[in-house]
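The values are calculated or read from the model by the stated rules, or taken from the named source; none is laboratory data. The model shown is predicted, which means the values in this text are computed figures rather than measured ones. Using ideal geometry, Cβ is built from the backbone for each residue, glycine included, and neighbour counts are taken over all protein chains shown.
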Amino acid sequence: MKIAIEKYEERPPEFWALMGPFFAQRRYRREMPYLVDDDGYVWFLAVENEAVLGFGSVHETKDCGVLSGLYVAEKHRGNGVARKLIDARLQWCKEKELKKAKTTASPDSKPIFEKAGFAVTGTKGQYTTMEVELDAYSFRDAKN
């Protein structure tokens, strides 16, 4: 599987051609009720042969990157797509010289974030709030 991670800071027509169904179709909205695209969000899309395998966003608040909107198409789960999307967003945070990254993980994504170095900071119902310090040694290299 040759997966490309594409970054979108702007919203050109090709972004909406790829992402429009995820924001508009009821079946995706049921699975991702909190999916939003607010000002300042940067999107990372995992793409293979012009098909979206998964995506996630990140935005900056003070000295922190907030990772949100992680989604991987069901047939591509368990193949490292989520980890590539997490790593790309953590790299973006490091390039911005942010001190830490935070996320709210679902029960399914919590183990993936833990493997990426995130630690639990609290819970909100079935969701777990997590964060990682962004120094040189705090999260694992994408090769791990």
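A few comments on the model shown:
So that you can scan it fast, the table gives a plain yes or no per residue for (1) charged (D, E, K, R); (2) farther than 26 Å from T121 by Cβ:
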position	(1), (2)
W16	no, yes
A24	no, yes
D38	yes, no
N49	no, yes
L67	no, no
A73	no, yes
K100	yes, no
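- Among the residues of region 1-46, those that are of a type in the set (V, I, T) and either over 25 Å from E95 (Cβ atoms) or in contact with a helix residue (DSSP H, G or I) (Cβ under 7 Å, 6 or more places away or on another chain) (or both) comprise I3, I5, V42.
- Subset of region 30-62 (residues that are among the acidic types (D, E), within 15 Å of W16 (Cβ to Cβ) and either loosely packed, with under 10 Cβ neighbours inside 10 Å or under 11 Å from the mean Cα position of the chain (by Cα) (or both)): E50
- Elements of type strands (runs of 3 or more DSSP E) contained in region 3-82, each with 1 or more residues being among the polar types (S, T, N, Q) and at pLDDT 90 or above: 51-61, 64-72
- Whichever residue in region 63-78 is under 17 Å from V132 (Cα atoms) and more than 13 Å from the chain's Cα centre (by Cα) and, among such residues, is surrounded by the fewest Cβ atoms within 10 Å (Cβ to Cβ): D63
- D108 vs. criteria in a loop (DSSP other than H, G, I, E, B) and under 23 Å from P12 (Cα atoms): no
- Selection status of K110, in contact with an Asp or Glu (Cβ under 8 Å, 6 or more places away or on another chain) and either surrounded by 11 or more Cβ atoms within 10 Å (Cβ to Cβ) or at negative phi (or both): no
- Where T128 falls short, out of the listed (1) crowded, with 19+ Cβ neighbours inside 10 Å; (2) out of contact with any helix residue (DSSP H, G or I) (no Cβ under 9 Å at 6 or more places or on another chain); (3) over 24 Å from D39 (Cβ atoms): (2)
- Candidate set: region 77-89, residues that are without any contact (Cβ under 8 Å) to a residue 60 or more places away in the chain and in contact with a strand residue (DSSP E or B) (Cβ under 6 Å, 6 or more places away or on another chain); chosen: the one farthest from K115 (Cα to Cα): R89
- K96 being surrounded by fewer than 19 Cβ atoms within 10 Å (Cβ to Cβ) and not small (G, A, S): yes
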